[in-house]
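Only one structure is covered here, and it is reproduced in the block below.
The values are calculated or read from the model by the stated rules, or taken from the named source; none is laboratory data. Note that the coordinates shown come from a computational prediction; the quantities given were computed from them, not determined experimentally. Positions of Cβ are backbone-derived with ideal geometry, glycine not excepted, and every protein chain shown enters the neighbour counts. Surface areas here come from the heavy atoms of the whole protein model, side chains and all, with no ligands, DNA or RNA. Shrake-Rupley method; radii C 1.70, N 1.55, O 1.52, S 1.80 Å.
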Amino acid sequence: MRVKHFFFAIISIAMLSACGGGSPTEIAPPTVAPSHTPLPPPTMIPTPDTPLAILVLPAELDKASSDLYQKTVYDLALQSGFRFQVRNALTSADLTDPTLKVVIVFPPDPGLVSLAPTAPGVQFLAVNIPNLTAGGNLSVLAGDSQVELPAFLAGYILSMLVEEYHIGMVIPKDNGDAQRAYNAFVNGKTYYCGLCRTFYIDPIGYPQFIEIPADEKTASYGAYANVLINDRDVDALYIYSSVANDEFLSYVGTQGVLLIGTSMPVPRPGGWVATISPDTIKAIQTAWPTLSAGQGGINVQSPLGLADVDPSLLTPGRLRLAQETLDSLLAGRILTGNP
């Protein structure tokens, strides 16, 4: 009997061991990847040897333009590891800093022809300062001398804005450049509308143009515009730059027509659609790599840009088309003489 109890106890212990006697399985804690807050980009800490760029702007420049030019050159300087300073004037004393490498100067001219040779290790860029010639360490950014591109774009834009394509151009008489500009103006209209079929039969073909003699007094220019507006039913005008003085443009703005040009008077004339003008910002950005590399003596050509846009006339969709056309002109994909 004792033997039976003994075997029963042994069997019970064995059964209990089989049910729960194993050691517990350890579950590894979840692995958590450490998170790192991205570090901000390193900020350049100027040293006595850090190269310096100076931007010279006139004190009377409007704030919006001044801020834009300062930001442009500041960003370029920062990207190249330069220090940046702004001045309202430039003297020979400013050029004695041995770290000075680039000087960008807006009108009025501080005398760059005499200043530049005194600092041969500095590259100078004159922005829209007349009567300067590039050479040595002086580079010159001048206004766009291309007359056909803005005329072509003007013809294109005005054609999309005016019913029946009643557009016209005022040009100086016996001026070969102005005549080429008018041909480009006509081609801009053709590029927009092809055969330009109209609903009404009109005895006058468009675009129209009128020439102003070289000896005509500027006070009489308005009478020539009135021939186009009143006698030839022109509703939108592009006025060639050499006859587009502020008084003339302001007068035309009172005649109920649309206007587009390469320079807008202040105050803004009535009906002013946009200004097709050199893009100084892009030109500076284009010239910077050469200047910061210590190379100069070049002529910098300003690409054209659209400014002073009236969004109620040149709406976003139309502006997109105009900008695409301008980009194609600048890239050479559209030829002004054979679009």
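If r is the Cβ-Cβ distance from L78 to R318 and R0 is 25 Å, what FRET efficiency results, to the nearest 0.05? My answer for the efficiency is 0.10. Spatially, the stretch 246-293 and the stretch 85-145 are offset by 25 Å when compared through their Cα centroids.
In plain terms, the chain from R180 to Y251 could stretch by 23.0 nm, reckoned as 0.36 nm per residue minus the Cα-Cα distance. The accessible area of T218, taken with all protein chains in place and a 1.4 Å probe, comes to roughly 90 Å². Listed by chain and number, the lysines placed with their C-alpha closer than 25 angstrom to that of K101 are K71, K282; residues fewer than eight positions away on the same chain are left out. Between C193 and D62, the C-beta separation translates, for a Förster distance of 41 Å, into a calculated FRET efficiency of about 0.60. By the rule of a C-alpha distance below 18 Å, with chain neighbours fewer than 8 residues away ignored, the aspartates and glutamates paired with K173 are E148, E211, D215, E216. Projecting label points 7 angstrom from Cα along Cα→Cβ for I281 and S263 puts them 2.2 nm apart.
Protein heavy-atom surface of the stretch 162-291, 1.4 angstrom probe: 50% of the accessible area is carbon and sulfur, with nucleic acids and ligands not counted. If you sort E324, E163 by accessible surface, 1.4 Å probe, largest first, the order is E163, E324. Taking every alpha-carbon pair under 8 Å whose residues sit at least 6 apart, the stretch 223-339 reaches a relative contact order of 18 percent. Compute the length gained on full extension between N338 and T96: take 0.36 nm times their separation in residues and subtract their Cα-Cα distance, giving the result in nm to one decimal. Net length gain for the segment: 81.8 nm. Approximating the spin labels as points 7 Å out from Cα along Cα→Cβ, the Y200-to-V113 distance works out to 5.6 nm. Each residue was assigned an accessible area with a 1.4 Å probe, and for D308 the value is about 60 Å². For the stretch 186-244, chymotrypsin sites (Phe, Trp or Tyr not before Pro) meeting the loop criterion (DSSP other than H, G, I, E, B) and having at most 12 other Cβ atoms within 10 Å: F199, Y200. Are there trypsin sites (Lys or Arg not before Pro) in the stretch 169-208 that DSSP marks as loop and that have at most 12 other Cβ atoms within 10 Å, and which are they? Taking the stretch 169-208 and a limit of 12 other Cβ atoms within 10 Å, the loop trypsin sites (Lys or Arg not before Pro) found are R197.
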